[in-house]
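Asks: If you scroll down you'll find the structure; I have some questions about it.
The values are calculated or read from the model by the stated rules, or taken from the named source; none is laboratory data. Model, not experiment: these values are computed from the prediction. Backbone-built Cβ (ideal geometry, glycine too); neighbour counts: all protein chains shown. Surface accessibility is based on the protein's heavy atoms, side chains included, excluding ligands, DNA and RNA. Shrake-Rupley method; radii C 1.70, N 1.55, O 1.52, S 1.80 Å.
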Amino acid sequence: MKNYTAITTFILVGLTDDPNLKILLFIFLLLTYLLSVAENLIIITLTLVDPHLKTPMYFFLRNFSILEVSFTTVCIPRFLYTMASGDNTVTYNACATQLFFVVILAVTEFFILTAMSYDRYVAICKPLHYTTIMNNMVHIKFLIGCYMIALIIVLPPFGMGFELEFCDSNVIDHFGCDAAPILKITCSDTEFLERFVLVLAALMLLFTLVCVIMSYTYIIRTILRFPSVQQRKRAFSTCSSHLIVVSITYGTCIFIYIKPHAKEGVAINKVVSVLTTSVAPVMNPFIYTLRNKQVVQAFKDMIKRVASYFK
């Protein structure tokens, strides 16, 4: 007979027991978190106030930045608190809440990236109809649809997770509340839940990836028909940033989640999770802004306005 217990708190193992490494890790995560929040808030502000950035492309970029800020805020501050205070306990409800928002925000990001690829398809392949097809109502509907589909995908397996039973261990081998290490310590039979999550994740990734590939297939075919080399370079530059972010996002997600058993490979996932929650949100704004002259110019204009205000 297994001794099932009602778990009210979990203990987070973290990443390392080395005190010197903990200090370095704390500094690194704090700096990357502050930098990512600052970068994404700048993009959000620029796309709200600059009249040249009022197109659907920047509407989606603004909402992608909002998701990035929300995603890293759900994960990193709690871990920083744990390292600073030494309190590595977390309540069951707090753990469930963190896990829910991590998953829902991550899934929504995939659909936002898919919507962004469709926006680029319309802008390059149907430029004369762009403002008609991607009007204000359409891109707002796209955004609402991204969140609604994410909820539909996440809620069923998340609800099943509340039925899990735990035996003697409440130690989560991770720095945050993640699905794989939680499934590792449960006494319940998780085979059906793991397979269900695997199928949902695979279908979601496959659907969004096919949509992105289809969009860029038509985009590349259209760009190659442009008579001017300068036109082709300009068109490719507007898409390259999005493609880089898509590659990073899909690559890390497939590495972490698409595997046969959630009870395997937790250790390596912790390292990748740190990169996903801290490094990627720092890199993505750079990838978009450094390759986008309009955003760079809008940032310069904002700096000039702020400087002239304080003179």
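Asks: Within segment 226-241, identify whether any single residue is farther than 19 Å from Leu113 by Cα, among the aromatic types (Phe, Trp, Tyr), modelled with pLDDT under 80 and surrounded by 15 or more Cβ atoms within 10 Å (Cβ to Cβ), and answer yes or no.
Replies: Looking only at segment 226-241, we keep the residues that are farther than 19 Å from Leu113 by Cα, and these are 226-234.
Cutting the leftovers down to among the aromatic types (Phe, Trp, Tyr) gives us 226.
Now restrict to residues that are modelled with pLDDT under 80: none.
No, the conditions are met nowhere in segment 226-241.
Asks: Does Met83 qualify as being hydrophobic (A, V, I, L, M, F, W, C), on the phi < 0 side of the Ramachandran plot, touching a Pro at 6+ places or on another chain (Cβ under 6 Å) and open to solvent by less than 60 Å² (accessible area, probe 1.4 Å)?
Replies: It is false that Met83 is hydrophobic (A, V, I, L, M, F, W, C), on the phi < 0 side of the Ramachandran plot, touching a Pro at 6+ places or on another chain (Cβ under 6 Å) and open to solvent by less than 60 Å² (accessible area, probe 1.4 Å).
Asks: Then there's this: Among the residues of segment 160-175, is there at least one that is at pLDDT 85 or above and assigned to a helix (DSSP H, G or I)?
Replies: For segment 160-175, residues at pLDDT 85 or above and assigned to a helix (DSSP H, G or I): present.
Asks: Give the residue that is nearest to Arg120 (Cα to Cα), with candidates limited to residues of segment 23-40 that are buried (at least 16 other Cβ atoms within 10 Å of the Cβ) and of a type outside the set (Asp, Glu). Step through it out loud before you land on a result.
Replies: If we filter segment 23-40 for residues that are buried (at least 16 other Cβ atoms within 10 Å of the Cβ), which is where we start, we get 25, 29-30, 32-33, 36-37, 39-40.
The next check asks that each one be of a type outside the set (Asp, Glu); those that pass are 25, 29-30, 32-33, 36-37, 40.
Values: Leu25: 38, Leu29: 33, Leu30: 34, Thr32: 30, Tyr33: 29, Ser36: 25, Val37: 26, Asn40: 21 Å.
Here the answer is Asn40.
Asks: Considering each of Thr131, Thr108, Thr97 in turn, give the residue that is buried (at least 20 other Cβ atoms within 10 Å of the Cβ) and of a type in the set (Ser, Thr, Tyr).
Replies: Thr108
Asks: Still on this structure: Does Phe226 qualify as being in contact (Cβ under 8 Å) with a residue 60 or more places away in the chain, part of a loop (DSSP other than H, G, I, E, B) and either under 25 Å from Val102 (Cβ atoms) or of a type in the set (A, V, I, L, M, F, W, C) (or both)?
Replies: No; evaluated as a whole, the condition is false for this residue.
Asks: Scanning for something at pLDDT below 85 and open to solvent by 40 Å² or more (accessible area, probe 1.4 Å), does segment 209-221 turn up at least one residue?
Replies: Keep residues of segment 209-221 that are at pLDDT below 85, which gives none.
For segment 209-221, residues at pLDDT below 85 and open to solvent by 40 Å² or more (accessible area, probe 1.4 Å): absent.
One line per residue, one yes/no per condition, for (1) aromatic (Phe, Trp, Tyr); (2) out of contact with any Asp or Glu (no Cβ under 7 Å at 6 or more places or on another chain):
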| residue | (1), (2) |
| --- | --- |
| Phe101 | yes, yes |
| Thr132 | no, yes |
| Asp168 | no, yes |
| Pro181 | no, no |
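Asks: What tally of residues in segment 59-87 results from selecting those that are free of Cβ contacts under 8 Å to residues at least 12 places away in the same chain and closer than 16 Å to His242 by Cα?
Replies: 0
Asks: In this structure, does Val90 turn out to be of a type outside the set (S, T, N, Q), touching a residue at least 40 places away in the same chain (Cβ under 8 Å) and not in a helix (DSSP H, G or I)?
Replies: yes
Asks: Pick from Asp178, Asp173: which is open to solvent by less than 20 Å² (accessible area, probe 1.4 Å), closer than 24 Å to Val271 by Cα and of a type in the set (D, E, K, R)?
Replies: Asp178
Residues checked against (1) over 17 Å from the mean Cα position of the chain (by Cα); (2) of a type in the set (A, V, I, L, M, F, W, C); (3) in a helix (DSSP H, G or I):
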{"position": "Asp17", "(1), (2), (3)": "yes, no, no"}
{"position": "Asn20", "(1), (2), (3)": "yes, no, yes"}
{"position": "Asn63", "(1), (2), (3)": "no, no, yes"}
{"position": "Ser70", "(1), (2), (3)": "no, no, yes"}
{"position": "Thr73", "(1), (2), (3)": "no, no, yes"}
{"position": "Ile76", "(1), (2), (3)": "no, yes, yes"}
{"position": "Thr82", "(1), (2), (3)": "yes, no, yes"}
{"position": "Gln98", "(1), (2), (3)": "no, no, yes"}
{"position": "Ile112", "(1), (2), (3)": "no, yes, yes"}
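Asks: Right, another one. Residue pairs, Cβ under 7 Å, 6 or more apart or interchain, first in segment 41-53 and surrounded by fewer than 17 Cβ atoms within 10 Å (Cβ to Cβ), second among the aromatic types (Phe, Trp, Tyr) and in a loop (DSSP other than H, G, I, E, B). List them.
Replies: Partner pairs satisfying both residue conditions: none exist.
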